[in-house]
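Q: Right, I'll just put the structure down here and ask away after.
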Amino acid sequence: MSERNILRDAVYGAVIGDALGVPYEFEKRGSFVCTRMRGYGTHNQKPGTWSDDSSMLLATCRSLKDNNGRVDTEDMKQRFRDWLLDAKYTAGGSVFDAGITTTDAILRGKGSSEERSQGNGSLMRILPLAFTDCSDDEIREVSALTHAHPNCMEACVIYVHLARACIMGKDLRTCVHQLELTAPFHRLAGIDALGEDEIQSSGYVVHTLEAALWCVLNTDSFAECLMKAVNLGDDTDTTACVAGGLAGILYPIEDLPQDWYEKIRNKELIDACLV
Ligand SMILES: [Mg+2]
(Lines give C-alpha, C1' and ligand atoms only; values in the text may rest on other atoms or scores of the structure.)
Protein backbone atom coordinates (compact mmCIF):
# COMPACT_ATOMS: atom_id res chain seq x y z
CA MET A 1 0.00 0.00 0.00
CA SER A 2 1.37 3.38 -0.93
CA GLU A 3 1.85 6.00 1.75
CA ARG A 4 -0.90 8.59 2.02
CA ASN A 5 -0.08 12.02 0.59
CA ILE A 6 -1.59 14.22 3.31
CA LEU A 7 -0.74 17.48 1.54
CA ARG A 8 -2.68 16.29 -1.51
CA ASP A 9 -5.71 15.25 0.55
CA ALA A 10 -5.65 18.53 2.50
CA VAL A 11 -5.41 20.68 -0.64
CA TYR A 12 -8.14 18.71 -2.40
CA GLY A 13 -10.25 18.91 0.76
CA ALA A 14 -9.97 22.69 0.65
CA VAL A 15 -10.59 22.90 -3.10
CA ILE A 16 -13.59 20.55 -3.03
CA GLY A 17 -15.08 22.45 -0.08
CA ASP A 18 -14.63 25.70 -2.00
CA ALA A 19 -16.23 24.25 -5.15
CA LEU A 20 -19.18 22.82 -3.20
CA GLY A 21 -19.82 26.25 -1.69
CA VAL A 22 -19.39 28.44 -4.79
CA PRO A 23 -22.99 28.03 -6.07
CA TYR A 24 -24.40 29.05 -2.66
CA GLU A 25 -22.15 31.96 -1.65
CA PHE A 26 -24.14 34.73 0.12
CA GLU A 27 -27.24 32.50 0.41
CA LYS A 28 -28.95 32.54 3.81
CA ARG A 29 -28.75 29.52 6.10
CA GLY A 30 -31.85 27.38 5.78
CA SER A 31 -32.74 28.70 2.33
CA PHE A 32 -30.99 25.80 0.52
CA VAL A 33 -29.47 22.37 1.15
CA CYS A 34 -26.15 21.34 -0.38
CA THR A 35 -25.96 17.57 -0.90
CA ARG A 36 -23.89 17.26 -4.06
CA MET A 37 -21.36 18.93 -6.36
CA ARG A 38 -23.60 21.16 -8.44
CA GLY A 39 -22.89 24.22 -10.56
CA TYR A 40 -24.32 27.63 -11.45
CA GLY A 41 -26.15 29.50 -8.68
CA THR A 42 -24.46 32.58 -7.22
CA HIS A 43 -21.55 32.85 -9.66
CA ASN A 44 -23.06 30.92 -12.60
CA GLN A 45 -20.06 28.59 -12.86
CA LYS A 46 -19.91 25.00 -14.11
CA PRO A 47 -19.95 22.21 -11.49
CA GLY A 48 -16.53 21.73 -9.89
CA THR A 49 -15.45 25.34 -10.31
CA TRP A 50 -13.34 26.50 -7.39
CA SER A 51 -12.81 30.18 -6.55
CA ASP A 52 -10.32 32.74 -5.23
CA ASP A 53 -9.81 30.73 -2.04
CA SER A 54 -8.33 27.79 -3.90
CA SER A 55 -6.50 29.98 -6.43
CA MET A 56 -4.57 31.79 -3.72
CA LEU A 57 -4.01 28.59 -1.75
CA LEU A 58 -2.60 26.91 -4.86
CA ALA A 59 -0.41 29.93 -5.67
CA THR A 60 0.97 29.66 -2.12
CA CYS A 61 1.54 25.93 -2.57
CA ARG A 62 3.36 26.43 -5.84
CA SER A 63 5.54 29.14 -4.32
CA LEU A 64 6.57 26.83 -1.48
CA LYS A 65 7.17 23.99 -3.92
CA ASP A 66 9.42 26.10 -6.18
CA ASN A 67 11.31 27.46 -3.18
CA ASN A 68 11.96 24.08 -1.52
CA GLY A 69 9.44 24.72 1.24
CA ARG A 70 10.86 28.12 2.13
CA VAL A 71 8.56 31.12 2.61
CA ASP A 72 9.37 33.81 0.04
CA THR A 73 6.79 36.57 0.43
CA GLU A 74 7.96 38.50 -2.64
CA ASP A 75 7.46 35.40 -4.75
CA MET A 76 4.00 34.81 -3.24
CA LYS A 77 3.07 38.43 -3.84
CA GLN A 78 3.98 38.09 -7.52
CA ARG A 79 1.94 34.90 -7.85
CA PHE A 80 -1.10 36.61 -6.28
CA ARG A 81 -0.73 39.35 -8.92
CA ASP A 82 -0.49 36.67 -11.62
CA TRP A 83 -3.77 35.28 -10.34
CA LEU A 84 -5.65 38.58 -10.04
CA LEU A 85 -4.36 40.25 -13.20
CA ASP A 86 -3.67 37.29 -15.53
CA ALA A 87 -6.10 34.63 -14.19
CA LYS A 88 -3.31 32.15 -13.47
CA TYR A 89 -4.17 29.50 -10.85
CA THR A 90 -7.85 29.49 -11.87
CA ALA A 91 -10.31 26.68 -12.53
CA GLY A 92 -11.54 27.98 -15.86
CA GLY A 93 -9.43 30.96 -16.92
CA SER A 94 -11.40 33.66 -15.12
CA VAL A 95 -11.31 35.46 -11.76
CA PHE A 96 -14.90 35.75 -10.58
CA ASP A 97 -14.77 36.09 -6.81
CA ALA A 98 -11.91 38.38 -5.70
CA GLY A 99 -12.45 40.08 -2.32
CA ILE A 100 -12.13 43.84 -2.03
CA THR A 101 -9.48 43.76 0.72
CA THR A 102 -7.45 41.22 -1.24
CA THR A 103 -7.73 43.11 -4.52
CA ASP A 104 -6.70 46.42 -2.90
CA ALA A 105 -3.77 44.76 -1.14
CA ILE A 106 -2.46 43.06 -4.27
CA LEU A 107 -2.68 46.29 -6.25
CA ARG A 108 -1.08 48.32 -3.42
CA GLY A 109 1.59 45.74 -2.66
CA LYS A 110 0.64 45.21 0.99
CA GLY A 111 -2.29 44.30 3.20
CA SER A 112 -4.28 46.72 5.33
CA SER A 113 -4.37 46.59 9.14
CA GLU A 114 -7.50 48.74 9.42
CA GLU A 115 -10.29 47.70 11.76
CA ARG A 116 -12.66 47.08 8.88
CA SER A 117 -10.18 44.78 7.12
CA GLN A 118 -10.72 41.66 9.23
CA GLY A 119 -11.98 39.33 6.54
CA ASN A 120 -11.06 35.69 6.03
CA GLY A 121 -9.02 36.28 2.87
CA SER A 122 -5.69 35.21 4.36
CA LEU A 123 -7.06 32.37 6.50
CA MET A 124 -8.56 30.74 3.40
CA ARG A 125 -5.16 30.39 1.70
CA ILE A 126 -2.78 29.74 4.64
CA LEU A 127 -3.08 25.92 4.84
CA PRO A 128 0.09 25.08 2.83
CA LEU A 129 2.25 26.68 5.54
CA ALA A 130 1.21 23.85 7.88
CA PHE A 131 3.32 21.56 5.71
CA THR A 132 6.45 23.65 6.32
CA ASP A 133 8.37 24.40 9.51
CA CYS A 134 8.06 28.16 9.05
CA SER A 135 7.90 30.42 12.11
CA ASP A 136 4.84 32.19 13.51
CA ASP A 137 6.28 35.49 12.27
CA GLU A 138 6.50 34.05 8.77
CA ILE A 139 2.86 32.95 9.00
CA ARG A 140 1.96 36.52 10.00
CA GLU A 141 3.99 37.95 7.11
CA VAL A 142 2.21 35.70 4.63
CA SER A 143 -1.16 36.77 6.04
CA ALA A 144 -0.11 40.42 5.86
CA LEU A 145 0.41 40.21 2.10
CA THR A 146 -3.35 40.80 1.94
CA HIS A 147 -4.57 40.91 5.57
CA ALA A 148 -2.35 42.68 8.10
CA HIS A 149 -4.86 43.15 10.91
CA PRO A 150 -3.60 41.34 14.06
CA ASN A 151 -6.79 39.23 14.23
CA CYS A 152 -6.28 37.97 10.67
CA MET A 153 -2.64 37.14 11.34
CA GLU A 154 -3.46 35.39 14.64
CA ALA A 155 -6.24 33.35 13.02
CA CYS A 156 -3.69 32.10 10.51
CA VAL A 157 -1.20 31.18 13.25
CA ILE A 158 -3.90 29.28 15.22
CA TYR A 159 -5.10 27.43 12.12
CA VAL A 160 -1.59 26.44 10.98
CA HIS A 161 -0.74 25.19 14.49
CA LEU A 162 -3.91 23.06 14.62
CA ALA A 163 -3.29 21.72 11.12
CA ARG A 164 0.29 20.78 12.05
CA ALA A 165 -0.98 18.99 15.15
CA CYS A 166 -3.40 16.98 12.98
CA ILE A 167 -0.61 16.15 10.52
CA MET A 168 1.39 14.78 13.46
CA GLY A 169 -1.59 12.60 14.37
CA LYS A 170 -2.64 14.49 17.48
CA ASP A 171 -6.32 14.59 18.42
CA LEU A 172 -7.85 17.82 17.10
CA ARG A 173 -10.55 18.03 19.79
CA THR A 174 -7.97 17.74 22.57
CA CYS A 175 -5.78 20.40 20.92
CA VAL A 176 -8.75 22.76 20.55
CA HIS A 177 -9.83 22.23 24.17
CA GLN A 178 -6.30 23.13 25.28
CA LEU A 179 -6.31 26.52 23.53
CA GLU A 180 -5.98 29.42 25.94
CA LEU A 181 -6.85 32.46 23.89
CA THR A 182 -8.14 35.92 24.63
CA ALA A 183 -10.90 37.76 22.76
CA PRO A 184 -11.87 37.58 19.97
CA PHE A 185 -10.62 33.97 19.92
CA HIS A 186 -11.84 33.08 23.43
CA ARG A 187 -14.72 30.90 22.18
CA LEU A 188 -12.50 28.51 20.22
CA ALA A 189 -11.58 26.23 23.14
CA GLY A 190 -15.23 25.35 23.68
CA ILE A 191 -16.44 25.78 20.13
CA ASP A 192 -17.51 22.14 19.61
CA ALA A 193 -20.10 22.38 22.41
CA LEU A 194 -21.92 25.36 20.91
CA GLY A 195 -25.19 24.99 19.02
CA GLU A 196 -25.49 25.79 15.34
CA ASP A 197 -27.45 28.95 16.14
CA GLU A 198 -24.39 30.26 17.99
CA ILE A 199 -22.12 29.76 14.98
CA GLN A 200 -21.87 32.53 12.41
CA SER A 201 -20.51 32.07 8.91
CA SER A 202 -19.88 35.57 7.63
CA GLY A 203 -16.65 36.73 6.00
CA TYR A 204 -15.25 37.91 9.37
CA VAL A 205 -12.08 35.91 10.02
CA VAL A 206 -13.09 34.92 13.57
CA HIS A 207 -16.45 33.61 12.37
CA THR A 208 -14.77 31.55 9.66
CA LEU A 209 -12.25 29.97 12.01
CA GLU A 210 -14.97 29.19 14.56
CA ALA A 211 -17.35 27.79 11.95
CA ALA A 212 -14.69 25.65 10.27
CA LEU A 213 -13.56 24.08 13.55
CA TRP A 214 -17.16 23.60 14.63
CA CYS A 215 -17.92 21.68 11.42
CA VAL A 216 -14.86 19.44 11.68
CA LEU A 217 -15.53 18.65 15.35
CA ASN A 218 -19.28 18.07 14.95
CA THR A 219 -19.16 15.59 12.06
CA ASP A 220 -17.83 12.06 11.62
CA SER A 221 -17.02 12.02 7.92
CA PHE A 222 -15.30 14.10 5.27
CA ALA A 223 -18.45 14.62 3.16
CA GLU A 224 -20.64 15.44 6.15
CA CYS A 225 -18.11 18.04 7.31
CA LEU A 226 -17.98 19.81 3.93
CA MET A 227 -21.77 19.80 3.50
CA LYS A 228 -22.28 21.13 7.02
CA ALA A 229 -19.87 23.98 6.29
CA VAL A 230 -21.66 24.95 3.07
CA ASN A 231 -25.07 24.59 4.67
CA LEU A 232 -24.17 27.21 7.31
CA GLY A 233 -24.77 29.67 4.48
CA ASP A 234 -23.33 33.13 3.79
CA ASP A 235 -19.58 32.73 3.09
CA THR A 236 -20.14 29.11 2.08
CA ASP A 237 -17.09 28.57 -0.12
CA THR A 238 -14.58 29.96 2.35
CA THR A 239 -16.03 28.24 5.42
CA ALA A 240 -15.96 24.93 3.53
CA CYS A 241 -12.47 25.61 2.16
CA VAL A 242 -11.05 26.27 5.64
CA ALA A 243 -12.92 23.29 7.14
CA GLY A 244 -11.98 21.13 4.15
CA GLY A 245 -8.27 21.76 4.60
CA LEU A 246 -8.38 20.33 8.11
CA ALA A 247 -10.79 17.54 7.15
CA GLY A 248 -8.42 16.53 4.36
CA ILE A 249 -5.70 15.98 6.92
CA LEU A 250 -8.03 13.86 9.07
CA TYR A 251 -9.72 11.87 6.28
CA PRO A 252 -8.37 10.46 2.99
CA ILE A 253 -9.83 11.90 -0.22
CA GLU A 254 -11.17 8.44 -1.11
CA ASP A 255 -13.76 8.90 1.65
CA LEU A 256 -15.56 11.55 -0.44
CA PRO A 257 -18.12 10.69 -3.14
CA GLN A 258 -15.99 9.96 -6.20
CA ASP A 259 -17.88 12.33 -8.48
CA TRP A 260 -17.05 15.27 -6.21
CA TYR A 261 -13.37 14.71 -6.99
CA GLU A 262 -14.02 13.88 -10.63
CA LYS A 263 -16.03 17.05 -11.23
CA ILE A 264 -13.25 19.33 -9.92
CA ARG A 265 -11.98 21.45 -12.79
CA ASN A 266 -8.34 21.88 -13.80
CA LYS A 267 -6.89 19.12 -11.66
CA GLU A 268 -3.72 19.34 -13.80
CA LEU A 269 -3.02 22.75 -12.25
CA ILE A 270 -3.81 21.53 -8.73
CA ASP A 271 -1.51 18.53 -9.11
CA ALA A 272 1.27 20.73 -10.50
CA CYS A 273 1.20 22.78 -7.28
CA LEU A 274 1.62 19.72 -5.06
CA VAL A 275 4.90 18.17 -3.96
MG1 LIG B 1 -14.37 32.38 -2.88
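The values are calculated or read from the model by the stated rules, or taken from the named source; none is laboratory data. Keep in mind the model is a prediction, meaning the values are calculated, not measured. Positions of Cβ are generated from backbone atoms using ideal geometry, with glycine treated the same way; all protein chains shown enter the neighbour counts. Please note that ligands, DNA and RNA were not included when accessible areas were found on the heavy atoms of the full protein model with its side chains. Shrake-Rupley method; radii C 1.70, N 1.55, O 1.52, S 1.80 Å.
Q: Restricting attention to the range 220-240, and to residues there that are over 29 Å from residue 3 (Cβ atoms) and part of a loop (DSSP other than H, G, I, E, B), which single residue is most open to solvent (accessible area, probe 1.4 Å)?
A: Per the stated criteria, the residue is 234.
Q: Something else about it: Given the criteria more than 28 Å from residue 79 (Cβ to Cβ), part of a helix (DSSP H, G or I) and either in contact (Cβ under 8 Å) with a residue 40 or more places away in the chain or open to solvent by less than 10 Å² (accessible area, probe 1.4 Å) (or both), does residue 259 qualify?
A: Here the answer is yes, as residue 259 does meet what is asked.
Q: Can you tell me which of 243, 247 is within 16 Å of the ligand (Cβ to nearest atom), of a type in the set (A, V, I, L, M) and surrounded by 19 or more Cβ atoms within 10 Å (Cβ to Cβ)?
A: The conditions single out 243.
Q: So for the range 82-102 (the condition being more than 16 Å from the ligand (Cβ to nearest atom), among the aliphatic types (A, V, I, L, M), more than 26 Å from residue 137 (Cα to Cα) and part of a helix (DSSP H, G or I)), does at least one residue qualify?
A: Scanning the range 82-102, I find at least one residue that is more than 16 Å from the ligand (Cβ to nearest atom), among the aliphatic types (A, V, I, L, M), more than 26 Å from residue 137 (Cα to Cα) and part of a helix (DSSP H, G or I), so the answer is yes.
Q: Next question, about the same structure. Counting only residues that are in a loop (DSSP other than H, G, I, E, B) and at negative phi, which one in the range 14-30 is nearest to the ligand (Cβ to nearest atom)?
A: Among those that are in a loop (DSSP other than H, G, I, E, B) and at negative phi, it is 25.
Q: Where the second residue is more than 13 Å from the ligand (Cβ to nearest atom) and open to solvent by 20 Å² or more (accessible area, probe 1.4 Å) and the first is under 21 Å from residue 221 (Cβ atoms) and among the charged types (D, E, K, R) and lies in the range 26-55, which pairs have Cβ atoms under 6 Å and are six or more apart or on separate chains?
A: That search, which allows pairs on different chains as well, returns 38/47.
Q: Now, a different point. Among the residues of the range 31-55, what is the count of those that are within 17 Å of the chain's Cα centre (by Cα) and either among the acidic types (Asp, Glu) or within 9 Å of the ligand (Cβ to nearest atom) (or both)?
A: Adding up the residues that qualify gives 6.
Q: Additional query: Does the range 172-183 contain any residue that is out of contact with any Lys or Arg (no Cβ under 6 Å at 6 or more places or on another chain) and closer than 20 Å to residue 235 by Cβ?
A: No, there is no match, as no residue in the range 172-183 is out of contact with any Lys or Arg (no Cβ under 6 Å at 6 or more places or on another chain) and closer than 20 Å to residue 235 by Cβ.
Q: Any chance the range 58-74 includes a residue that's open to solvent by less than 20 Å² (accessible area, probe 1.4 Å), touching a residue at least 24 places away in the same chain (Cβ under 8 Å) and of a type in the set (Ser, Thr, Tyr)?
A: Scanning the range 58-74, I find at least one residue that is open to solvent by less than 20 Å² (accessible area, probe 1.4 Å), touching a residue at least 24 places away in the same chain (Cβ under 8 Å) and of a type in the set (Ser, Thr, Tyr), so the answer is yes.
Q: Quickly run through the range 196-211 and pick out the residues that are touching a Gly at 6+ places or on another chain (Cβ under 8 Å) and assigned to a helix (DSSP H, G or I).
A: Passing the criteria: only 205.
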